[in-house]
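Structure first, commentary second.
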Amino acid sequence: MGKDVIIACDFASAQDTFNFLDKFTEEKPFVKIGMELYYAEGPSIVKEIKKRGHKIFLDLKLHDIPNTVKKSMAVLSKLDVDMTNLHAAGTIDMMKAALEGLTREDGTRPILIAVTQLTSTSEERMKNELLINASINDTIVKYAQNAKEAGLDGVVCSPLEAGMVKDACSKDFVTVTPGVRFADGEVGDQVRVTTPAKAKEIGSDYIVVGRPITQTDDPVAAYRRCVEEFVD
Ligand code: C5P
């Protein structure tokens, strides 16, 4: 699995997204489409971006009963996305069903990764609201191992957790990591952040970068800087 930089296209409309992508005349970055854009624009946004030649990570984080997730994944698979995801909290059975739904007749399928614990969930909330008494790191490792057992390709996690996940699962278990900032950049609302260079050192396979690229005067230069630090 080659290392790559995925741009989080957290825009509210198709037009804003196209205006942004039009700036890239020489390269075709891998892009992440999240719930906001997908729910606003529907499947057509995926088809349109695909037609422009980009790889797509469709970040919809499915979590429902196995049969519903299986059927929904079959729909997403027809959209020809390159990567999609679900919540590991849906159990191993749900993840297995998702894989079945995602697999096309010719045996190919998008990369499927699991969300372990959202970075917005603290250990304190896990204990007090969800009645989960294990440490947050233990749940991340256990959920990653469950995802591996179900046959998934990897997990979304903080770059700072990528080494721990690989040690617990395997070196080739994919880690997709948001929470990336340039050493001289603004952190914003992210808490546990690291630089593209450090994410490479720890072993991330894909970094997901949003505002450090989308909210700058020169997004192409910022994207190239990420690629230079992380891939080259
Ligand atoms: O702008 P920024 O670089 O913080 O964007 C990170 C992207 O990754 C956003 O789309 C955010 O929703 C997503 N994400 C995250 N942390 C997670 C899972 C997804 O920041 N644990």
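The values are calculated or read from the model by the stated rules, or taken from the named source; none is laboratory data. Fair warning: this is a prediction, and the values are worked out from it, not measured in the lab. Because the Cβ atoms are built from the backbone with ideal geometry, glycine has one as well, and the counts that use them run over all protein chains shown. Keep in mind that these areas ignore ligands, DNA and RNA; they rest on the heavy atoms of the full protein, side chains included. Shrake-Rupley method; radii C 1.70, N 1.55, O 1.52, S 1.80 Å.
Descriptive notes on the structure:
- Any chance Asp64 is more than 17 Å from the chain's Cα centre (by Cα), among the charged types (D, E, K, R) and buried (at least 16 other Cβ atoms within 10 Å of the Cβ): yes
- Test: residue in the stretch 220-232 that is surrounded by fewer than 18 Cβ atoms within 10 Å (Cβ to Cβ) and within 11 Å of the ligand (Cβ to nearest atom): no
- Pick from the stretch 55-80, criterion in contact with a Leu (Cβ under 7 Å, 6 or more places away or on another chain) and within 16 Å of the ligand (Cβ to nearest atom), ranking: farthest from Gly42 (Cα to Cα): His63
- When the residues of the stretch 14-40 are filtered to those that are more than 24 Å from Phe230 (Cα to Cα) and away from the ligand (no atom under 16 Å from the Cβ), the one that is most open to solvent (accessible area, probe 1.4 Å) is Gln15.
- Scanning the stretch 197-219 for residues that are within 9 Å of the ligand (Cβ to nearest atom) and surrounded by fewer than 14 Cβ atoms within 10 Å (Cβ to Cβ) gives a single hit, Gln215.
- For the stretch 106-117, filtered to residues that are within 19 Å of the chain's Cα centre (by Cα) and in a loop (DSSP other than H, G, I, E, B), the residue that is surrounded by the most Cβ atoms within 10 Å (Cβ to Cβ) is Thr116.
- Exactly one residue out of Leu79, Leu86 is surrounded by 23 or more Cβ atoms within 10 Å (Cβ to Cβ) and touching a helix residue (DSSP H, G or I) at 6+ places or on another chain (Cβ under 6 Å): that is Leu86.
- Scan of the stretch 155-196 for residues that are away from the ligand (no atom under 11 Å from the Cβ), open to solvent by less than 40 Å² (accessible area, probe 1.4 Å) and closer than 27 Å to Met95 by Cβ, ordered by number: Ala162, Gly163, Val165, Lys166, Ala168, Cys169, Ser170, Phe173, Val174, Thr175
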